[in-house]
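The values are calculated or read from the model by the stated rules, or taken from the named source; none is laboratory data. Computed from a prediction, not measured in an experiment: that's the story for all the values here. Reconstructed Cβ throughout: ideal geometry from the backbone, glycine too, with neighbour counts over all protein chains shown. Calculation scope for accessible area: heavy atoms of the full protein, side chains included, ligands and nucleic acids excluded. Shrake-Rupley method; radii C 1.70, N 1.55, O 1.52, S 1.80 Å.
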Amino acid sequence: MPIPINDAAFEYLLARAGLTLTDAEKAELKTVCDGITEMAQRVRKPRGRMAEPALTYGFAEEDLS
Amino acid sequence: MSAAIPTIAEAARQIAAKELSPVELTKACLERVHALDGELHAFVHLTEERALAEARAAETAIMANGPSGPLHGIPIGLKDIVDTKGIPTTCQSKLLQDNIPDSDATCAEKLAAAGTVLMGKLTTHEFADGGPSFDLPQPPARNPWNTDHFTAGSSSGTGAGVAAGMILCGIGTDTGGSIRGPAALCGIAGLKPTYGLVSRAGVAPAAFSLDHIGPMAWNAEDCAIMLQALAGHDPRDPASADRPIQDYTAALGGGIKGLKIGIIHHFHETDRKVSDGTQHGINAAIATFRGLGAEIREVQLSPLQDWHACGSLISIVERATAYEEWARTRLHDFGERMRTRLMLGTFVSGVDYVQAVRRRRELRDELKAAMADLDVVLTAVFAAEAPKIDDVPQWDVFHEPGFMMPFNVAGYPAMSVCSGFGAGGLPVAIQLVGKPFQEATVLRIADAFEKATPFRNRRPTAA
């Protein structure tokens, strides 16, 4: 089960993102926090520290000239 | 309306034989725009004078030297997130109402070089968000099969415009289904190519690593003709692939006997059950493919919800990144829907994002292994026929997993092909997914299906 976000954490995240929202927007946004948390849990699998992300930088020929 | 609407291939043959004038073709398309677009809203900016001038120039050149290729003199439209030199490119946003680019996007440049006639800029939802939105500078496009219904988004104007015969083809962009979705609900063909095959340069980003540019047209053959003009390496796009381009039309008509098609049954039968009409279209398509000599196999992948979560997290973060500066300074100049999408970025941590990108590698490897002995896989595009435009949920990203996002996550080529008509006479579609850079195979199978079924013979009544 996702841990519900508290008001202080919610306000901190908005301030950090630099977003100025109306009270109505804040209320609506709170309703979908759990959805984000569920998606974040779903992408976590037991994969260990060595698992690489999909976007790993590699040198192309043109980088070497 | 007036005469039958030709496909690109039909028009090109008639133009080459001097049986059809690009000027007359363009005028016929303009006539449809004037008759229908007051209700369909496919265009945000019509370039009528320019279109007629380009058509006259094409006609003169063709009369003198013959057509330069199959797109010479063909009326097209460009989604309004594609930069066009000297023509407004608003991204359907209040933030860009006065934006007139000083150069063309690569895809616009390539289609112009192929001799196309630009009819104008096509409706999207703000910065290619899926929509629908009702608080943007212009209204959302309506579905030509029933104007009470949604076109899907975000290449909504391209879907409506092609289906209604206002243009013969157009550019769509696809971050989680924005080519294939409108193609499916508007009953046309739409191909999201392999990531990197078609340049993104000059096209407003939605999510950098998921964005694709591709053709939308009446059928697979026309998509093949368009893709031939669009594909190719572009140093302006850092993700552009530098590799040989296939001949996309050469393989058409070659039959599909012996090709191997994998069905991802659990996506559309268990993970998210589709409507009876959509399922019937899938079942009938499988029977058609079997009848054409293809081998049908079953494919098992991770649940659709895993793909959806992975793609959605990446999309949310990359979109919020692209538009962070405006979100901080002009948030309330965005429409409500885009604004809410940008807010979501607040709640995804950096670690969440990288875990999603690690999951992306696993999912892509899984698809690669599953397709090792297959030519394409097949699933649904949408769960049902087009919903009423007023019934689309605001938070659809959390509503149900989509069938298209998996192939943005993987970057594999994926195509929507009309597979019949369901409830209310609205189109349904199948999705064909190929291996990376094997668009020719996807198009060949789609073309064989279209030629074996009657669905390309029916246009919306309005057209």
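If the condition is being open to solvent by 70 Å² or more (accessible area, probe 1.4 Å), under 19 Å from residue B:397 (Cβ atoms) and at the interface with another protein chain (Cβ under 7 Å from one of its Cβ atoms), then segment A:8-43 contributes only A:42. Exactly one residue among B:290, B:364 is basic (Lys, Arg), within 22 Å of the chain's Cα centre (by Cα) and either within 11 Å of another protein chain (Cβ to nearest Cβ) or open to solvent by 10 Å² or more (accessible area, probe 1.4 Å) (or both), and that residue is B:364.
Residue B:38 meets the conditions (1) over 24 Å from the mean Cα position of the chain (by Cα); (2) part of a helix (DSSP H, G or I); (3) within 28 Å of residue B:339 (Cα to Cα) in every case but one. The failed one is (1).
Within segment B:58-108, track down each residue that is of a type in the set (D, E, K, R), farther than 24 Å from residue B:330 by Cβ and in contact (Cβ under 8 Å) with a residue 24 or more places away in the chain.
B:59, B:104
In segment B:119-147, which residues are aliphatic (A, V, I, L, M) and open to solvent by less than 10 Å² (accessible area, probe 1.4 Å)? Answer for segment B:119-147, where residues must be aliphatic (A, V, I, L, M) and open to solvent by less than 10 Å² (accessible area, probe 1.4 Å): B:119, B:122, B:128, B:141. Being open to solvent by 50 Å² or more (accessible area, probe 1.4 Å), assigned to a helix (DSSP H, G or I), touching a helix residue (DSSP H, G or I) at 6+ places or on another chain (Cβ under 9 Å) and facing chain A (nearest Cβ under 10 Å): is that true of residue B:330 here? Against the criterion (open to solvent by 50 Å² or more (accessible area, probe 1.4 Å), assigned to a helix (DSSP H, G or I), touching a helix residue (DSSP H, G or I) at 6+ places or on another chain (Cβ under 9 Å) and facing chain A (nearest Cβ under 10 Å)), residue B:330 does not qualify. Which residue, of B:117, B:82, is in contact with a helix residue (DSSP H, G or I) (Cβ under 9 Å, 6 or more places away or on another chain), within 20 Å of residue B:192 (Cβ to Cβ) and at pLDDT 95 or above? From the options B:117, B:82, the qualifying one is B:82. The one condition from (1) closer than 23 Å to residue B:237 by Cβ; (2) of a type outside the set (S, T, N, Q); (3) in a helix (DSSP H, G or I) that residue B:76 does not meet is (3).
When restricted to residues that are open to solvent by less than 30 Å² (accessible area, probe 1.4 Å), more than 7 Å from chain A (Cβ to nearest Cβ) and farther than 17 Å from residue B:324 by Cβ, segment B:338-356 contains 0.
If you go through segment B:314-321 one residue at a time, do you hit one that is crowded, with 23+ Cβ neighbours inside 10 Å, within 14 Å of chain A (Cβ to nearest Cβ), charged (D, E, K, R) and not in a loop (DSSP other than H, G, I, E, B)? Yes, some residue in segment B:314-321 is crowded, with 23+ Cβ neighbours inside 10 Å, within 14 Å of chain A (Cβ to nearest Cβ), charged (D, E, K, R) and not in a loop (DSSP other than H, G, I, E, B). Considering only residues that are within 15 Å of residue B:240 (Cα to Cα) and within 9 Å of chain B (Cβ to nearest Cβ), which ones fall in segment A:47-60? If the condition is that a residue be within 15 Å of residue B:240 (Cα to Cα) and within 9 Å of chain B (Cβ to nearest Cβ), then A:55, A:60 are the ones that fit.
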